[in-house]
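Visitor: Following this message is one structure expressed as structure tokens.
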Amino acid sequence: MSGRPVVTVLCAADQDPPAGLDTLAPRIELRYATAATLPDAIEDADGLFLWDFFSPAVREAWGRATRLRWIHVAAAGIDTLLFPELVDSDVVVTNARGVFDRPIAEYVLGAILAVAKDTRRNYRLQDERRWLHRETARVAGSHALVIGTGAIGRAIARLLRAVDVEVRGAGRAARTGDPDFGTVVPTDRLVDHVGWADHVVVVAPLTASTAGMIDADVLAAMRPGSHLVNVGRGPLVDEDALIEALSSGHLGAASLDVFAVEPLPATSPLWELPNVAISAHMSGDVVGWTDQLAEQFVDNATRWLDGRPLANVVDKRKGYVTDSGSDGEAR
């Protein structure tokens, strides 16, 4: 690179900028922008850091991006970014793969423990000052199907196996002998495989081929009384069909961190269902996560400046970082 490249950092209007980027200042001209100011700020930028990672502003400003060569997104899932003009361009996209793996795995384990140990009912009974002895389920020996075999899915599989849950994965291609999942079944045949599981965990990336993958047929094929966990993207699941499966009693529980519309509207029937646990798209957001995201960008920017290979390069046509045996995931 000749001269000092320009990197624009996109922040939401009410969002604190990332910390620690000043270490790059001697080598990069950092330019901070909001959605409203991005068209001007991106015009002669060489790089773009999407700190506001769900913003649609890049697509709206794309015609002004005359020098852009690299975009880094502070999220693992980049489904809101991949518009056709960007996909067809030479701009390299990288993401925050790795930051959310263990936190989301811990969330999933917590959700499974909460359902098995009837924790939500304990809270309700405590509020009512009622003493009601009952038996709960074992976690050890239960079955979990993890849909999405990328880094987050693998972290989930490893943590569940540590408490003796039997795990399988679901990915693009069936295989056996996987180091984390053992058996991987094909996602295009979920209806044939979800009935094996007590817990179905959805962490697949949102793409044209995965949208609506958990439909009425898949939900009907799940084991009666089983538990659905969605930590991927809301549109992966047909919410109307899910509400019906939960209301009818066919599904025993759902732990949902993501939704088709976010924030989840107050009118959604999901709020009223006693067998649903709702969180506000926060399964990967632990104390210190924003510092990790900023540090990851600084590391990648240093690689970029030094002419070294970037970490977490996304296959823009597939929508995720590709590794051998990996199908990506969203966050």
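Visitor: Is it true that some residue in the range 62-84 is under 30 Å from V200 (Cβ atoms), among the hydroxyl-bearing types (S, T, Y) and either under 21 Å from the mean Cα position of the chain (by Cα) or surrounded by fewer than 18 Cβ atoms within 10 Å (Cβ to Cβ) (or both)?
Guide: Checking the range 62-84: at least one residue is under 30 Å from V200 (Cβ atoms), among the hydroxyl-bearing types (S, T, Y) and either under 21 Å from the mean Cα position of the chain (by Cα) or surrounded by fewer than 18 Cβ atoms within 10 Å (Cβ to Cβ) (or both).
Visitor: Among (1) touching a helix residue (DSSP H, G or I) at 6+ places or on another chain (Cβ under 9 Å); (2) more than 30 Å from L273 (Cα to Cα); (3) crowded, with 24+ Cβ neighbours inside 10 Å, where does R172 come up short?
Guide: All conditions pass for R172, except number (3).
Visitor: Tell me, yes or no, whether the range 301-311 has at least one residue that is under 22 Å from the mean Cα position of the chain (by Cα) and of a type in the set (F, W, Y).
Guide: Scanning the range 301-311, I find no residue that is under 22 Å from the mean Cα position of the chain (by Cα) and of a type in the set (F, W, Y), so the answer is no.
Visitor: Looking at the range 208-223, can you tell me whether even one residue there is within 17 Å of the chain's Cα centre (by Cα) and of a type in the set (S, T, N, Q)?
Guide: Checking the range 208-223: at least one residue is within 17 Å of the chain's Cα centre (by Cα) and of a type in the set (S, T, N, Q).
Visitor: Filter the range 60-105 for residues that are under 15 Å from G319 (Cβ atoms) and of a type in the set (K, R) and give the result.
Guide: R97
Visitor: I need the full set of residues from the range 103-138 which are small (G, A, S), without any contact (Cβ under 8 Å) to a residue 24 or more places away in the chain and assigned to a helix (DSSP H, G or I), in order please.
Guide: G110
Visitor: As an exercise: evaluate V163 against (1) among the hydrophobic types (A, V, I, L, M, F, W, C); (2) closer than 28 Å to W271 by Cβ; (3) surrounded by fewer than 17 Cβ atoms within 10 Å (Cβ to Cβ) and give the number of the one condition it does not meet.
Guide: If we test V163 against (1) among the hydrophobic types (A, V, I, L, M, F, W, C); (2) closer than 28 Å to W271 by Cβ; (3) surrounded by fewer than 17 Cβ atoms within 10 Å (Cβ to Cβ), just (2) comes out false.
Visitor: Pairs under 9 Å by beta carbon, first residue part of a strand (DSSP E or B) in the range 290-316, partner buried (at least 17 other Cβ atoms within 10 Å of the Cβ) and among the basic types (K, R), six or more apart or different chains?
Guide: V314/R97
Visitor: Another question, if that's okay. How many residues are surrounded by fewer than 18 Cβ atoms within 10 Å (Cβ to Cβ) and in contact (Cβ under 8 Å) with a residue 12 or more places away in the chain when one looks only at the range 1-15?
Guide: 5
Visitor: Out of the range 283-320, which residues are under 30 Å from G212 (Cα atoms), surrounded by fewer than 14 Cβ atoms within 10 Å (Cβ to Cβ) and out of contact with any Leu (no Cβ under 9 Å at 6 or more places or on another chain)?
Guide: D315
Visitor: Does the range 260-276 include one or more residues that are within 30 Å of G20 (Cβ to Cβ), under 22 Å from the mean Cα position of the chain (by Cα) and in a loop (DSSP other than H, G, I, E, B)?
Guide: yes
Visitor: From the list I28, I104, I112, which one is of a type in the set (A, V, I, L, M, F, W, C) and touching a His at 6+ places or on another chain (Cβ under 8 Å)?
Guide: Checking each option against the conditions leaves just I112.
None of the figures in this text is laboratory data; all of them are computed from the coordinates on show. It should be emphasised that the depicted structure is a prediction, and the values quoted were computed from it without experimental measurement. Here Cβ is always computed from backbone atoms with ideal geometry, including for glycine, and neighbour counts include all displayed protein chains.
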